[in-house]
Amino acid sequence: MIPYSRQKIDNQDISSVKKVLKSNYLTTGPETLNFENNVRKFLKCKYAISTSSASAALHVSLMAIGFKKNDILWTTPITFTSTASAALHLGGKVDFVDIDENTFNISVSKLEKKLLQAKKKNKLPKLVIPVHLGGNPCDMKKIKHLSKKYGFKIIEDASHAFGSKIRNKQIGNCQYSDITVFSFHPVKIITTCEGGIATTKNKKLYETMRVLREHGIERNSQNLVNKKEGAWYYEHQLLGFNYRLSDVHASLGNSQLKKVKKFVKVRNKIANIYIKNFNKLKIQYQIIEKKNYCSYHLFIILVPKMIHKKIFNFLRSKKFFVNIHYIPLFMHPIYNMKKSKYKKFQNSLNYYRSAISLPIYDGLKIDQQKKIINIISKFIKS
């Protein structure tokens, strides 16, 4: 079975994990701190807080910016459920902005139009979460401009975008956002088995996320309410969670981080082979702005709707585990949206009925990729 994406683990990774397994620390300790510092240096951001998953990072990020019951979150319908469910966990309301039909990311023009309408109704969002789908950078400069005009916070969901750049600057430096969140699930650019990280320029946000990640417990003596107790003393200051990343996971992350540029370079090489061949067939794929750099967590194509399911099923039958990223969130029962309202998100619906995520990862062989291209070519030409 050839997956759409997968991890690449080498002897260096295995040795790194074994070293920690033989050490005095298994749970959160010096290796986790090193991982946070290494990520911070790579992204050139001020603060980084690791978590047990990107979903956990999103949860504490929303709590840190003060998102609460009845607050409104807007995001794209084409994303994994965690992007929006973090708001639902906090009693918030979720609404969607349709995608751009070329980038497959949140449409800035539709966002601006929706904000104008929401202002008239006094229903502006507290938070907007742009998602860098497949690693393709969103138009963050324009989104930041709109945030200043309409007063909403920004959390970048960069779960797909570790190694992506906006005009030569790493996504994650928070130039255009309050917080950025990454995922280190095995199918992502680098992995910690399970894990995530949140980055920010704001010290208060960092400190709040740090405490929330550790049950809401504060141990830093400078931040304690009662400073007169002994060295054993700690305070439960917030209602938090056990969202910590262990040293075992972090050790794998530290080893993987040394290879991130290579991983992204290989993914770009595979993407360029797809693009070169699909240009001849006039198959649509994500448009990446020339000044940006995409990590290519995913390589998504759009095929004609009438043969979409046939191509998907045939590739699966030939052991190519292609996938669809994603089913539009508003279609899921949890949002209880009437089908009559789906037409507000026509680009997302069109995308869903045509999208296929093709295999792309370090380790995909050229002959395997050629087979995929040949299968799709035959369907399109027939």
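Apply 1/(1 + (r/R0)^6) to the Cβ-Cβ distance of Asn220 and Asp367, taking R0 = 56 Å, and write down the FRET efficiency to the nearest 0.05. Present the calculation step by step, with values, prior to reporting the outcome.
Numbers: r = 55 Å, r/R0 = 0.98.
Once rounded, the FRET efficiency stands at 0.50.
Which distance in nm do the two modelled labels at Leu281 and Lys262 give, with both placed 7 Å along the Cα-to-Cβ direction?
The two pseudo-label positions are separated by 3.1 nm.
Along Cα→Cβ, 7 Å out, is where each label goes; now give me the distance between the ones at Leu33 and Lys381 in nm to one decimal.
Reported label-point gap for Leu33 and Lys381 is 6.1 nm.
State the answer as a single residue: which of Tyr326, Phe182, His249 lies farthest towards the positive end of the charge dipole of the chain, with beta carbon charges of +1 for Lys and Arg and -1 for Asp and Glu, about the Cα centre.
Positive-most Cα among the choices belongs to Tyr326.
Relative contact order for the chain: what percent, with Cα pairs under 8 Å and sequence separation of 6 or more?
On the way: 770 pairs, mean separation 90.1, N = 382.
Over the chain, the number comes to 24 percent.
Given a Förster radius of 30 Å and the C-beta distance between His145 and Lys204 as r, what FRET efficiency does 1/(1 + (r/R0)^6) yield to the nearest 0.05?
So the FRET efficiency works out to roughly 0.80.
Determine the dipole magnitude for the range 162-296: charges of +1 sit on the beta-carbon of Lys and Arg, -1 on that of Asp and Glu, nothing else is charged, the reference point is the Cα centre, and the result goes in debye to the nearest 20.
With Lys and Arg at +1 and Asp and Glu at -1, about 1180 debye.
From the gyration tensor of the Cα coordinates in the chain, what semi-axes in whole Å does the equivalent ellipsoid have, largest first, with each one equal to sqrt(5λ)? Present the calculation step by step, with values, prior to reporting the outcome.
Details: eigenvalues 248, 153, 57 Å².
Rounded to whole Å, the semi-axes are 35, 28, 17.
What's the ranking of 222-231, 325-334 by average number of surrounding C-beta atoms within 10 Å, highest first?
Working: 222-231: 8.4, 325-334: 17.3.
Peptide ranking by packing, descending: 325-334, 222-231.
Return the lysines within reach of Lys338: Cα separation strictly under 25 angstrom, same-chain partners fewer than 8 residues apart disregarded; answer none if there are no such residues.
Lys69, Lys93, Lys110, Lys113, Lys114, Lys119, Lys120, Lys121, Lys123, Lys126, Lys305, Lys309
Quick one: of Lys141/Lys259; Lys276/Lys319; Lys290/Lys365; Lys153/Lys227; Lys169/Lys269; Lys44/Lys228, which pairs are farther than 31 Å apart, Cα to Cα?
Those over the limit are Lys153/Lys227; Lys44/Lys228.
Using a cut-off of 10 Å between beta-carbons, work out the net charge of the residues near Trp74 (Lys and Arg +1, Asp and Glu -1, Trp74 not included).
Details: positive: Lys93, Lys114, Lys126; negative: Asp95.
Local charge sum for Trp74: +2.
Could you tell me the relative contact order of the range 140-218? Use alpha-carbon pairs under 8 Å, at least six residues apart, and round to a whole percent. Write out the running numbers ahead of the final one.
Details: 109 pairs, mean separation 18.0, N = 79.
Answer for the range 140-218 is 23 percent.
Give me the one-decimal nm value for the distance between modelled label points at Lys119 and Lys93, 7 Å along each residue's Cα-to-Cβ direction.
Taking the simple label geometry, Lys119 and Lys93 are separated by 1.9 nm.
Apply 1/(1 + (r/R0)^6) to the Cβ-Cβ distance of Lys41 and Lys290, taking R0 = 22 Å, and write down the FRET efficiency to the nearest 0.05.
0.20
Under a 1.4 Å probe, what is the accessible area of the range 239-382 per residue, stated in Å²?
Working: 7670 Å² over 144 residues.
Accessible area per residue: 53 Å².
Pull up the cross-link candidates among the aspartates and glutamates for Lys41, meaning alpha carbon to alpha carbon under 16 Å and not fewer than 8 places away within one chain.
Straight-line reach from Lys41, under 16 Å: Glu31.
Using the alpha-carbon atoms, what tilt in degrees (0 to 90, nearest 10) does helix 108-121 show relative to the longest principal axis of the chain?
Once rounded, one gets 60 degrees.
If the chain between Lys228 and Leu26 were fully stretched, how many nm would it gain, using 0.36 nm times the residue separation less the Cα-Cα distance?
Working: separation 202, 0.36 × 202 = 72.72 nm, distance 3.12 nm.
Stretched out fully, the Lys228 to Leu26 stretch lengthens by 69.6 nm.
Sort 346-356, 314-324 by the packing proxy (mean of other Cβ within 10 Å over each peptide's residues), most packed first. Please report the intermediate quantities before stating the final value.
Details: 346-356: 19.0, 314-324: 15.5.
The most tightly packed comes first, giving 346-356, 314-324.
Could you give the dipole magnitude of the chain about its Cα centre, charging the beta-carbon of Lys and Arg +1 and that of Asp and Glu -1, in debye to the nearest 20?
On the way: 68 positive and 24 negative charges, 326 e Å.
It comes to approximately 1560 debye.
Counting alpha carbon pairs within less than 8 Å and at least 6 residues apart, what relative contact order, in whole percent, applies to the range 219-334? If you can, show how the numbers build up before the last one.
Values: 39 pairs, mean separation 16.8, N = 116.
This gives 15 percent for the range 219-334.
When the chain is fully extended, how far beyond the present Cα-Cα distance does Lys18 get from Tyr342, taking 0.36 nm per residue of separation? The partial results should precede the final answer.
Working: separation 324, 0.36 × 324 = 116.64 nm, distance 5.05 nm.
Length gained between Lys18 and Tyr342: 111.6 nm.
How about Lys188: which aspartates and glutamates have a C-alpha closer than 20 Å to its C-alpha, ignoring those fewer than 8 places off in the same chain?
Filter leaves Asp10, Asp13, Glu36, Glu156, Asp157, Asp247, Asp362.
If packing is taken as the average count of other Cβ atoms within 10 Å, what order do 290-297, 167-174, 8-15, 192-199 fall into, highest mean first? Before the final figure, lay out the partial values.
Numbers: 290-297: 21.4, 167-174: 19.4, 8-15: 13.0, 192-199: 25.8.
Most protected by this proxy first, the peptides run 192-199, 290-297, 167-174, 8-15.
Between the range 312-345 and the range 233-268, what is the separation of their alpha carbon centroids in Å?
Computed from Cα coordinates, the inter-centre distance equals 30 Å.
Given a 1.4 Å probe and the protein chains all in place, what does the accessible area of Asp178 round to, in Å² to the nearest 10?
Estimated to the nearest 10 Å², Asp178 gives 40 Å².
The values are calculated or read from the model by the stated rules, or taken from the named source; none is laboratory data. If you're wondering where the values come from, they're calculated on a predicted model, not measured in any experiment. Don't worry about glycine lacking a Cβ; one is built from the backbone with ideal geometry, like all the others, and counts go over all protein chains shown. Only protein heavy atoms, including side chains, enter the accessible area calculation; ligands, DNA and RNA are left aside. Shrake-Rupley method; radii C 1.70, N 1.55, O 1.52, S 1.80 Å.
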